[in-house]
Amino acid sequence: MTDTSIAFIGGGNMARSLIAGLVRQGTAPAQIHVAEPVTALREALTAEFGVKTYAGASEAAAQAGTWLLAVKPQVLRDVCAPLQPLAAATKPLLVSIAAGITSTQLDRWLGGDVAVVRAMPNTPALLGAGVTGLFATPAVTDAQRTQADRILASAGGTVWVDDEALMDSVTAVSGSGPAYVFLLAEAMEAAGIAQGLPAEAARTLVQQTLLGASRMLDEAGEAPGELRRRVTSPGGTTQAAIESFQAGGFEALVATALAAAQTRGRELSAAND
């Protein structure tokens, strides 16, 4: 075992995307160990990336100085229980991508005195285009913080927050955020078709419009409000549409939606305590 070796506890889609990113960036497959109970998933990970796989979590965790928990929040407590003795003996860095599960819960479930980093990636990580919010407990060293950042940066950008309570806001903004964009795309497609556009044309127009707008947000180096103003000519079609959005309470609706996601994150934490 080395401090830079990584054990993924869970080999699903998000773990796979991180493994792909790490290997792409030069991490040796021999340094990556994956615990996954589903045989077909283990075989696929070994075949594609050359990583070592195990049926049991303890087997994989014993090989690594960093444990990345990539299982569903509702089963995480049960996953942690058999890892307690090993955590006490080896003092690993624990990185969790489980929404709503706090560092205090993780520390308790693993027996205490554990260095915990909470991470909230989003689904574009599957394409290497994600963004991850991260929080580190005081027990995390600078080297461990760098290690956690290296792992999550393999799938996109990273943003650190100093207050763990803000992780529910990270979940609301970026963790759940892709679904908001997909909902907008769905609504725009339907409206275009209702106005007479062929379905294929409507889909292409919407997809490329959202892709281009995202690139402008990323590359222009200007605030969203300024970019919006530039394409909103006085008295034009865009202004008519924007005014319709605002008359319907668009900004307030977005704030309400994000608050609902934030609240649900807190409820998940309480439900799993």
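The values are calculated or read from the model by the stated rules, or taken from the named source; none is laboratory data. This is a predicted model, so every value here is computed, not measured. Every residue, glycine as well, gets a Cβ built from its backbone with ideal geometry; the counts of neighbours run over all protein chains shown.
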Original post:
What are the pairs, 6+ residues apart or on separate chains, where a residue within segment 1-20 that is buried (at least 22 other Cβ atoms within 10 Å of the Cβ) and part of a strand (DSSP E or B) has its Cβ under 6 Å from a residue that is modelled with pLDDT of 90 or more and among the β-branched types (Val, Ile, Thr)?
Top reply: ILE6/ILE32; ILE6/THR66; PHE8/VAL34
Subject >> Among (1) without any contact (Cβ under 8 Å) to a residue 40 or more places away in the chain; (2) crowded, with 16+ Cβ neighbours inside 10 Å; (3) of a type in the set (S, T, N, Q), the one test that THR39 misses >> reply: (2)
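Restricting attention to segment 180-194, which residues are closer than 22 Å to ARG264 by Cα and either of a type in the set (Val, Ile, Thr) or surrounded by 14 or more Cβ atoms within 10 Å (Cβ to Cβ) (or both)?
Within segment 180-194, TYR180, VAL181 meet the criteria.
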Original post:
In segment 24-34, how many residues are under 21 Å from THR123 (Cα atoms) and at pLDDT 95 or above?
Top reply: 1
Subject >> Residues within segment 143-174 that are more than 23 Å from ALA255 (Cβ to Cβ) and either outside any loop (DSSP other than H, G, I, E, B) or of a type in the set (Phe, Trp, Tyr) (or both), tallied >> reply: 15
**OP:** Name the single residue, out of those in segment 165-217 being of a type in the set (Asp, Glu) and modelled with pLDDT of 95 or more, that is farthest from the chain's Cα centre (by Cα).
**Re:** GLU200
Original post:
So is THR171 β-branched (Val, Ile, Thr), out of contact with any Leu (no Cβ under 6 Å at 6 or more places or on another chain) and either buried (at least 19 other Cβ atoms within 10 Å of the Cβ) or within 30 Å of SER5 (Cα to Cα) (or both) or not?
Top reply: yes
Subject >> Residue selected from segment 68-77 under the condition part of a helix (DSSP H, G or I) and either modelled with pLDDT of 95 or more or in contact with a helix residue (DSSP H, G or I) (Cβ under 7 Å, 6 or more places away or on another chain) (or both), by the criterion farthest from ALA119 (Cα to Cα) >> reply: ARG77
Original post:
Within segment 129-142, is there a residue that is assigned to a helix (DSSP H, G or I), on the phi < 0 side of the Ramachandran plot, modelled with pLDDT of 95 or more and loosely packed, with under 14 Cβ neighbours inside 10 Å?
Top reply: yes
**OP:** Run down THR209, THR263, THR171, THR238 and say which single residue is of a type in the set (Ser, Thr, Tyr) and in contact with a strand residue (DSSP E or B) (Cβ under 9 Å, 6 or more places away or on another chain).
**Re:** THR171
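Go through segment 230-273 and give me each residue that's assigned to a helix (DSSP H, G or I) and under 18 Å from SER103 (Cα atoms).
GLN262, THR263, ARG264, GLY265, ARG266, GLU267, LEU268, SER269, ALA270, ALA271
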Subject >> Search result, residues across segment 93-128 that are in contact with an Asp or Glu (Cβ under 8 Å, 6 or more places away or on another chain) and closer than 20 Å to LEU166 by Cα >> reply: GLY100, THR102, SER103, GLN105, ASP107, VAL116, ARG118
Original post:
So which of ALA115, ALA119, ALA99 ends up being at pLDDT 95 or above, touching a strand residue (DSSP E or B) at 6+ places or on another chain (Cβ under 7 Å) and surrounded by fewer than 23 Cβ atoms within 10 Å (Cβ to Cβ)?
Top reply: ALA115
Subject >> Total residues in segment 133-151, condition in contact (Cβ under 8 Å) with a residue 40 or more places away in the chain and either of a type in the set (Asp, Glu) or in contact with a helix residue (DSSP H, G or I) (Cβ under 7 Å, 6 or more places away or on another chain) (or both) >> reply: 2
Subject >> Residue satisfying all of: in segment 89-103; assigned to a helix (DSSP H, G or I) and in contact (Cβ under 8 Å) with a residue 24 or more places away in the chain; nearest to SER169 (Cα to Cα) among these >> reply: SER103
Subject >> Long-range neighbours under 9 Å by Cβ, at least six apart or interchain, first residue in the same structural domain as ALA220 (by TED's automatic domain parsing) within segment 230-243, second of a type in the set (Lys, Arg) >> reply: THR238/ARG228; ILE242/ARG228
